[in-house]
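The values are calculated or read from the model by the stated rules, or taken from the named source; none is laboratory data. Since we're looking at a predicted model, the values are computed, not measured. In this analysis, Cβ positions are derived from the backbone assuming ideal geometry, glycine residues included, and neighbour counts consider all displayed protein chains.
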Amino acid sequence: MFLGHVERHARERAAQVALRWSQTGAELTYSELWARTGERAQRLATLGLEGAPLLIFGANNPDAVISFIAAMRAGFAPSFMPLPAARFDDQAFWSGHAALFAHLGQGAVLAPQIAVDAIRLECPTIGLTLIASEEIDGLAASPLPARPPASAVALLQHSSGTTGVKKGVPLSYRAIDVQLRAYAEAVEFDSDSIIASWLPLYHDMGLIACLLLPLTFGAEVDFIDPFYWTAHPQSLFEVVEQRRATHVWLPNFAFRHLERAVRRTDRIWALGSVKAWVNCSEPCKPETFAAFLARYADHGVTASSLTCCYAMAETVFAVTQSPPGTPVTIQHVAAIGFGEIGEAVVPCSPSEAAVSILGCGRTIPGCRVRIRDAGGQDRIYGEIEVAAEFLFDGYFQAAERTAMALQDGWYRTGDIGFIDSAELFVCGRLDDRIIVGGRNLYAHQIEQLIAGVPGVAPGRVAAIGVYHPDSGSERLIIAAEISGESEAISKMIIQTLNTSLGLRPADVRLFSDRRIIKTTSGKVDRKRNRERYLSGGFA
């Protein structure tokens, strides 16, 4: 299991670098990692909270990683949490975490002193033990508990909290081990692989794919600070080039950011070492891959290195993965029959397509996927359900939510899509639907269209549905951050939606300051943006 793998690497690969941080030059060999986590685990064991959650607020740095693995060795169920930052809405951030603290009821929080002070101020009724990370190594050492069994909870993975209290997903050591072995096979990952990552560790893609996966197989990961990467996206290419990285995981928006924000010069980046650029976490867009490939084909990026993955915390990580070395499949879908649950998806030519969708590959070993009420037929559109050897047993202390999500061994994902020739195509989420005049629209598709309008800030668009009693249907509201003349941009947004969807929004709100609320994982928080619109916050 995970801790046993790291211990073995500490013996057999003692001098090999396990983790690097490019901005600071810090690195940890496998032997150093095991020794330092053991020392800290003895300090944490002094707290006497074995089996309880430990929320770790911290930057993506060696200290946070050491604390996380030390917590596992001390018998805690650790969970990475984001620090407050300028890109988060303060009120939403603290209210969400206060609700999480109350829901957990027991356990501890480990955070820098400045964050501990903020928690005491913003969440005065918190019942969890607060520990400043600057003081942790000053605690007395205690003997470590016995190594947890395979069935024990290894960690808690929390959602970004787009719909209420953050969902806690307990993951066992066995589930993590089975998942990572299956996923490594699907993505062609082994001990010689090297990961380049800017992803935050509180996100499942950063934690599972870019920390636990390499440490399980004795590979190397090179980290970039997420905020540094946002401002200096070329830093990812620098690490790929210097370390000859083989695997890079990115959400869809990050491919767009790399294509648009890296300054165009005569420099040719050596990116040909990357076996798999994995698009995950958001709906994968054909236009995103097309733009990324057009920009970086001369730098070594190939169509066969661009892959897609469908993943979720409830299955530890991956459900499906398109194979490296083969270009992803694209389905072009007509407007007729698309979007109605239970109806057949109608293929068409690219020029006639209402929607073009990238395939996410076939299921990884040990996993099954079906479309609810599809009767086993291909190309029927509906809700995606998943069953797997590594499927979670239920949300942490949330029996009602668990009962709604898990039924007869199948997890109802809330995602919608279809299967064709055993390959999964993901179209969006049920709760992202906006129904206007009987038409099913999906917020992420609308936001993607508007993101292409000149002057609209990338990733700063919210498509919102608001019920209107006179029409008995929802109205489409657009809120966006812009740089430029608002009237002209508003006209272009309206024209784009009319041309692409035959639809005119009921209201367009544009502003030059930061008002779009995002979750801690960087996704548009449509629930809170809707609330902000209704309360006049987008005036």
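Are there strands (runs of 3 or more DSSP E) fully within the stretch 21-125 with at least 3 residues that are under 19 Å from residue 139 (Cα atoms) and of a type in the set (A, V, I, L, M)? List them.
Once the strands (runs of 3 or more DSSP E) in the stretch 21-125 are filtered for at least 3 residues that are under 19 Å from residue 139 (Cα atoms) and of a type in the set (A, V, I, L, M), what remains is 53-57, 108-111.
Among the hydroxyl-bearing types (Ser, Thr, Tyr), buried (at least 24 other Cβ atoms within 10 Å of the Cβ) and within 22 Å of residue 309 (Cα to Cα) - does that describe any residue in the stretch 181-198?
There is at least one residue in the stretch 181-198 that is among the hydroxyl-bearing types (Ser, Thr, Tyr), buried (at least 24 other Cβ atoms within 10 Å of the Cβ) and within 22 Å of residue 309 (Cα to Cα).
Is it the case that residue 148 is of a type outside the set (Gly, Ala, Ser), assigned to a loop (DSSP other than H, G, I, E, B) and either within 29 Å of residue 312 (Cβ to Cβ) or touching a His at 6+ places or on another chain (Cβ under 7 Å) (or both)?
yes
State all residues of the stretch 281-302 that are more than 23 Å from the chain's Cα centre (by Cα) and farther than 14 Å from residue 248 by Cβ; if no residue qualifies, say none.
Of everything in the stretch 281-302, those that are more than 23 Å from the chain's Cα centre (by Cα) and farther than 14 Å from residue 248 by Cβ turn out to be 294, 295, 297, 298.
Residues in the stretch 432-439: is at least one under 23 Å from the mean Cα position of the chain (by Cα) and modelled with pLDDT of 90 or more?
No, the stretch 432-439 contains no residue that is under 23 Å from the mean Cα position of the chain (by Cα) and modelled with pLDDT of 90 or more.
For the stretch 284-304, which residues satisfy the criterion of being in a helix (DSSP H, G or I) and small (Gly, Ala, Ser)?
290, 291, 294, 297, 303, 304 - these are the residues of the stretch 284-304 that are in a helix (DSSP H, G or I) and small (Gly, Ala, Ser).
Report, by residue number, each residue of the stretch 228-270 that is farther than 24 Å from residue 207 by Cβ and among the hydroxyl-bearing types (Ser, Thr, Tyr).
265
Among the residues of the stretch 276-283, are any in a helix (DSSP H, G or I), in contact (Cβ under 8 Å) with a residue 40 or more places away in the chain and assigned by TED's automatic domain parsing to the domain that holds residue 369?
No, the stretch 276-283 contains no residue that is in a helix (DSSP H, G or I), in contact (Cβ under 8 Å) with a residue 40 or more places away in the chain and assigned by TED's automatic domain parsing to the domain that holds residue 369.
From 95, 79, 22, grab the single residue that is under 30 Å from residue 524 (Cβ atoms), surrounded by fewer than 17 Cβ atoms within 10 Å (Cβ to Cβ), under 23 Å from the mean Cα position of the chain (by Cα) and not aromatic (Phe, Trp, Tyr).
After ruling out the rest, the residue left standing is 95.
Filter the stretch 254-275 for residues that are hydrophobic (A, V, I, L, M, F, W, C) and assigned to a loop (DSSP other than H, G, I, E, B); which is surrounded by the fewest Cβ atoms within 10 Å (Cβ to Cβ)?
Here the residue is 268.
So residue 434 clears everything in (1) exposed (fewer than 14 other Cβ atoms within 10 Å of the Cβ); (2) under 30 Å from residue 505 (Cβ atoms) except one condition, right? Which one?
Every condition holds for residue 434 apart from (1).
Give just the number: which of (1) under 27 Å from residue 287 (Cα atoms); (2) surrounded by 21 or more Cβ atoms within 10 Å (Cβ to Cβ) does residue 238 not satisfy?
(2)
Which ones in the stretch 487-508 are farther than 12 Å from residue 453 by Cβ and either polar (S, T, N, Q) or crowded, with 20+ Cβ neighbours inside 10 Å (or both)?
Those that are farther than 12 Å from residue 453 by Cβ and either polar (S, T, N, Q) or crowded, with 20+ Cβ neighbours inside 10 Å (or both): 498, 505.
Mind counting the residues in the stretch 38-96 that are within 19 Å of residue 151 (Cα to Cα) and of a type in the set (Ser, Thr, Tyr)?
Number satisfying all stated conditions: 1.
Name, by its number, the condition in (1) at pLDDT 90 or above; (2) acidic (Asp, Glu); (3) buried (at least 17 other Cβ atoms within 10 Å of the Cβ) that does not hold for residue 117.
Residue 117 satisfies all of (1) at pLDDT 90 or above; (2) acidic (Asp, Glu); (3) buried (at least 17 other Cβ atoms within 10 Å of the Cβ) except (3).
(1) crowded, with 20+ Cβ neighbours inside 10 Å; (2) under 26 Å from residue 257 (Cβ atoms): which one isn't true of residue 451, the others all being true?
Checking residue 451 against (1) crowded, with 20+ Cβ neighbours inside 10 Å; (2) under 26 Å from residue 257 (Cβ atoms), the one that fails is (1).
Name every residue in the stretch 126-145 that is over 30 Å from residue 174 (Cβ atoms), part of a helix (DSSP H, G or I) and not small (Gly, Ala, Ser), in order of residue number.
Of everything in the stretch 126-145, those that are over 30 Å from residue 174 (Cβ atoms), part of a helix (DSSP H, G or I) and not small (Gly, Ala, Ser) turn out to be 134, 135, 137.
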